[in-house]
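Heads up: the structure comes next, in structure tokens.
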Amino acid sequence: MEVAVVGTGYVGLTTAVSFALHGHRVTGVDVDAAKINRLKQKICPIYEPGLEEALARAIDSGALRFAASLKEGARDADVLFICVGTPEAADGSADLSYLFAAVDDIRALQADVPKQRTVVIKSTVPVGTADRVAALLAACGGIHVASNPEFLREGSALQDALSPSRIVIGADADEAFAVLKRLYEGVKAPRVFTTRADAELIKYASNAFLATKISFMNELARLCAVLGTDVQTVARGMGLDSRIGPEFLQAGLGFGGSCFPKDTIALLQLAKQHGVSLSILEKVRDLNATQPDWFIARLRDRLGTLHGKRIAVLGLAFKPNTDDIREAPSLKVLNVLLREGAAVSAYDPVASPAVARLFPQVTYASDPYAALQAADAAVLVTEWKQCVDLDWQQVKAVMNAPVLFDGRNAWPADALSKAGFVYVGVGRS
Ligand code: UDX
């Protein structure tokens, strides 16, 4: 099939590459001409394991190309995926301006080159958006609109796109269902066929539920810290119940990234517009906002004061294997530490330059031991392998005091306590 993918961010680029690897002819389209030029040269604009190699393979095989406009690159497209960003607007709702700009471009393309096409919305959009898009495109004739939300995670984006947990397809016409069935032929995953509105809500509800699991554990960790119980063991015991499941029970410094923070507030806004209050989700966001403060307050208690202390922060990206710092807990941690007068040195394998633009007063080290040099305490913020698998003898030798605050419960607590470190985790000690 001839496929065009509008938007070459995380979702768009990964979608384009994975459809190309599945044997379709794909054109990636973006208004950012400089980005398109780099993509044509097989340069991946984001740090995502395996994506650059797959991009090169897809281009070399002739299955994937890029264009700076729909008119240039998508005249023959049978299917047009909209994968543009839907960032948070000032009031927390989803900003749909990129989406509607893409719809305008599709309308112009269809006026120029009329053809039977299916427009598929992959961007995360509030319930009712695909119906609005369908109404806007109805006058063009020949266009069906479907909703097909994306569930990929940063750090394992390509793998998730190639073997998804499920494929959710919302549409109101047999032809649109048929096109998407053909497109996903050969991809092993359960399918959910439903309305466009249901498909849209499945995406928000999934992210909101996962965020809720995390905040539940983060709140439980606060209780564990008082009771002296171990939240990790509690999580393991809980997760063995198949009704609960083992994933997303990891207490830490809170969720970050481009999806959970943005999608939880957008869902709250959507509900509010319809006169419904999602009170659990409100609380989930409150807990997430205060989790780094809660943890750093424990560090302050341990050190007496943060003023004049040298603190090493290990990991800055919102999670390992990405250079993304959007809504990263590290930003909150740095804010508190600097506000309270600590001297901060930080290490991250890839995200330091992005954080340095926001926090020039922090010293950025090129390896974890340099960051730990003469530190009065270390805080693990992102569980990169490089920040977890440390030579503890060397850590002890370079630090001023052996105080380890494990914001991800990823360091070996027992071994470290035995080795003479002061170890404090999130709901475990
Ligand atoms: C998420 C969803 O998983 C994905 O399905 C959706 O399409 C986009 O949003 P992503 O934001 O890439 O993906 O990362 P994810 O691995 O889900 O982690 C989100 C945040 O939750 C991270 O900050 C992570 O550190 C945190 N997290 C995750 C926890 O604090 N505890 C956990 O147990 C799991």
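Structure data summary
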{"quantity": "Translational diffusion coefficient (Stokes-Einstein; Kirkwood radius from C-alpha pairs) of segment 230-369 at 4 °C, 1.567 mPa s, in µm²/s", "calculated": "76 µm²/s"}
{"quantity": "Point-charge dipole on Cβ atoms (K/R +1, D/E -1) for segment 207-425, about Cα centre, debye to 20", "calculated": "340 debye"}
{"quantity": "Relative contact order %, the chain, counting alpha carbon pairs below 8 Å whose residues are six or more apart", "calculated": "12 percent"}
{"quantity": "DSSP beta bridge pairing in the chain, given as percent antiparallel to the nearest 5", "calculated": "5 percent"}
{"quantity": "Cα gyration tensor category, rounded, prolate or oblate, for segment 2-193 with a/c compared to 1.5", "calculated": "rounded"}
{"quantity": "Mean Cα-pair separation over length for segment 2-193, i.e. relative contact order, pairs under 8 Å, 6 or more apart, %", "calculated": "20 percent"}
{"quantity": "Farthest positive-ward along segment 231-350 dipole, Cα basis, beta-carbon charges - from P329, G256, L306", "calculated": "L306"}
{"quantity": "Size of electric dipole in segment 2-193: Cβ of Lys, Arg +1 and of Asp, Glu -1, about Cα centre, debye, nearest 20", "calculated": "480 debye"}
{"quantity": "Top positive-direction residue, dipole computed over segment 57-115 with Cβ charges, set S61, V113, F81", "calculated": "S61"}
{"quantity": "Ordering of 191-200, 317-326, 3-12 by packing [mean C-beta count within 10 Å, highest first]", "calculated": "3-12, 317-326, 191-200"}
{"quantity": "Residue-averaged [θ]222 nm for the chain, counting only DSSP H segments that reach four residues, each worth -39500 (n - 2.57)", "calculated": "-14000 deg cm²/dmol"}
{"quantity": "Selection from L281, F318, A235 lying farthest towards where the dipole of segment 207-425 points positive, charges on Cβ", "calculated": "L281"}
{"quantity": "Spacing of the two label points (7 Å from each Cα toward its C-beta) at S163 and D241, in nm", "calculated": "3.0 nm"}
{"quantity": "Between segment 3-82 and segment 352-373, the alpha-carbon center distance in angstrom", "calculated": "34 Å"}
{"quantity": "Whole-angstrom gap from segment 87-133 to segment 247-284, using each part's C-alpha centre", "calculated": "23 Å"}
{"quantity": "Rounded to the nearest 20 debye, dipole of the chain from Cβ charges on Lys, Arg, Asp, Glu", "calculated": "400 debye"}
{"quantity": "At least 30 Å along the helix axis (C-alpha) and Kyte average at least 0.5, DSSP helices within the chain", "calculated": "196-227"}
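Only the coordinates and a few stated rules stand behind these numbers; no lab work does. The model shown is predicted, which means the values in this text are computed figures rather than measured ones. Because the Cβ atoms are built from the backbone with ideal geometry, glycine has one as well, and the counts that use them run over all protein chains shown.
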